[in-house]
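The values are calculated or read from the model by the stated rules, or taken from the named source; none is laboratory data. All values reported here derive from a predicted model rather than from experimental measurement. Neighbour counts are summed over all protein chains in view; Cβ atoms, including those assigned to glycine, are modelled from backbone coordinates with ideal geometry.
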């Protein structure tokens, strides 16, 4: 019996989706999906309300979302990162309400001894359908801001 051997190595996502330029790590990302929503305009089943807003309408929605994250340094204790993501929704039967959302975030954390201070700041620009408790859903542009500050104290010995 004659046999041949060759080393096998697996291809990891880190090999394709992680780049390094100097002290900056770059991680591109991509999401995709498909969802069916049976009430895209947030309309009621109540027939008296349907006179104003119309009947419920459903649609198949395809979603794609590219993004990227930049992280400074290798140290998990002290970090600084910036990320940007875009999500576009393509409505199959209601293409006039297809929309895209932008989101950016800045995160930082510093640890000294048993104290850790972390902060997160994000900004989102949303253009999709909004509704809910309204009689008529509408498509509009909105800006969302979020800021967080957290201080942690480790009381247990390591």
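Side notes on the structure shown:
- Qualifying residue in segment 125-133 (condition: assigned to a strand (DSSP E or B), within 21 Å of residue 69 (Cβ to Cβ) and at pLDDT below 95): yes
- Any hit, segment 87-94, residues being surrounded by 15 or more Cβ atoms within 10 Å (Cβ to Cβ) and without any contact (Cβ under 8 Å) to a residue 24 or more places away in the chain: no
- Note on segment 74-101: among residues that are touching a strand residue (DSSP E or B) at 6+ places or on another chain (Cβ under 7 Å) and in a loop (DSSP other than H, G, I, E, B), the one that is nearest to residue 121 (Cα to Cα) is 78.
- Condition met for residue 113 (at pLDDT below 95 and either within 20 Å of the chain's Cα centre (by Cα) or closer than 30 Å to residue 41 by Cβ (or both)): no
- Qualifying residue in segment 141-152 (condition: outside any strand (DSSP E or B), touching a strand residue (DSSP E or B) at 6+ places or on another chain (Cβ under 6 Å) and modelled with pLDDT under 95): no
- Top-ranked residue in segment 28-57 [being surrounded by 13 or more Cβ atoms within 10 Å (Cβ to Cβ) and either touching a helix residue (DSSP H, G or I) at 6+ places or on another chain (Cβ under 9 Å) or in a loop (DSSP other than H, G, I, E, B) (or both); ranked as modelled with the lowest pLDDT]: 44
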